[in-house]
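For reference, the structure discussed in these notes is given below.
The values are calculated or read from the model by the stated rules, or taken from the named source; none is laboratory data. As the structure is a computational prediction, the values presented were derived from the model and not from experiment. Note that each Cβ is placed from the backbone with ideal geometry, even for glycine, and that neighbours are counted across all protein chains shown. Quick note on the areas: whole protein, heavy atoms, side chains included, nothing else; ligands and nucleic acids left out. Shrake-Rupley method; radii C 1.70, N 1.55, O 1.52, S 1.80 Å.
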Amino acid sequence: MTTHREPLSSVLETIGETPLVRVQASPDEVPVYAKLESFNPGASIKDRIGKHMLERMLERGDVDPGGTIIEPTAGNTGIGIAVAAGQLDLEAVFVVPERFSVEKQQLMRALGAEVINTPSEDGMGYAIERAHELASELDNAAVPQQFKNPLNKEAHYEHTGPEVHEALDGEVGAVVAGTGTGGTLMGMAEFLREQHPDTYVGAVEPEGSTYREFFGEEIAEGEYKTEGIGTHDIETNVLFDPEIVDEIHTIADEDTHAEMQRLAAEEGQLVASSAAANSLAAIDVAERIRDGEIDAPYDSVVTVFPDSSERYLSKGVYRSFEEWEG
Ligand code: PMP
């Protein structure tokens, strides 16, 4: 277990055991608690999978010390992998579509990684292809591929889920979280359902994302500004298991933007857009548990605040909705 009360030898030891803080706008009868993942050294939830995937891949011999990790990533995962790679004697190379925030790319480079940009219009699919091509040209290289890698989900099954369970003395009524790869929600949900099979599980996506297609709905795909969650092609979301999900919460960018500003102004929470979407969905679930519309085994809801708004200041997150570039 991480302890912040004694000297540590590496930032890797500070990953996880993040604070669990009440969302003050949630109902008294059914509080929402959020894991503040910006407390990780790379300042996002993805430090957890960076450490977990690389440590396990080294143990299994997928890659040996001195080797190269290549990942197609929109950013936070790159930072998480770069933090871990630097401490585990691995090189890191990231293939990043241009449209993602420049702050993240600067941080990856500062951590010693190489960043290769691909055109935004070619999307994540092309970035994935390039990463595999690059890996095949090198000896001793591996592509963790967070979208497909069960170790992504396992990091949350082994750590994030148990941490909230322990902090709430086992009384977790619902888990509600945004899904990009789905690793966070799937890992936490699988662990929490094992503790109590009736735990409510809510997935969060921005309007314009097509996760509802997993439930047979026809969805008009659209652009959205909320960063880090949602999908435009559910075939890439192989970790997402609709069987374990009670409901998908689709949140409009305008509402997310207002909640991001409210969380800062009223709750001192400098969190980014995916956290704000999670907050709205989790509060909604809490109110419905209070009103008897959702049956949950306990009167509490947990969510995650994956990263900090500071990472997106250049995109105007605290300006007007129209000025927010997303
Ligand atoms: N929020 C942010 C800011 C992210 O970068 C991500 C990862 N894409 C998520 C939420 C979603 O996490 P996951 O990939 O585990 O579903």
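Ignoring lysines fewer than eight residues from Lys148 along the same chain, the ones with Cα atoms less than 27 angstrom from its Cα are Lys35, Lys46, Lys51, Lys104, Lys225. Expressed as a whole percent, the accessible surface of the chain that belongs to carbon and sulfur atoms is 44, based on a 1.4 Å probe.
Of the DSSP beta bridges with both residues in the chain, give the percent that are antiparallel, rounding to the nearest 5. That works out to approximately 15 percent antiparallel. Farthest towards the positive end of the charge dipole of the chain, among the residues Gly125, Val201, Gly86, is the Cα of Gly86, using unit charges on the Cβ of Lys, Arg, Asp and Glu. Here the Gaussian network model covers the chain, with springs between Cα atoms less than 10 Å apart; of Glu17, Glu171, Glu29, Glu29 fluctuates the most.
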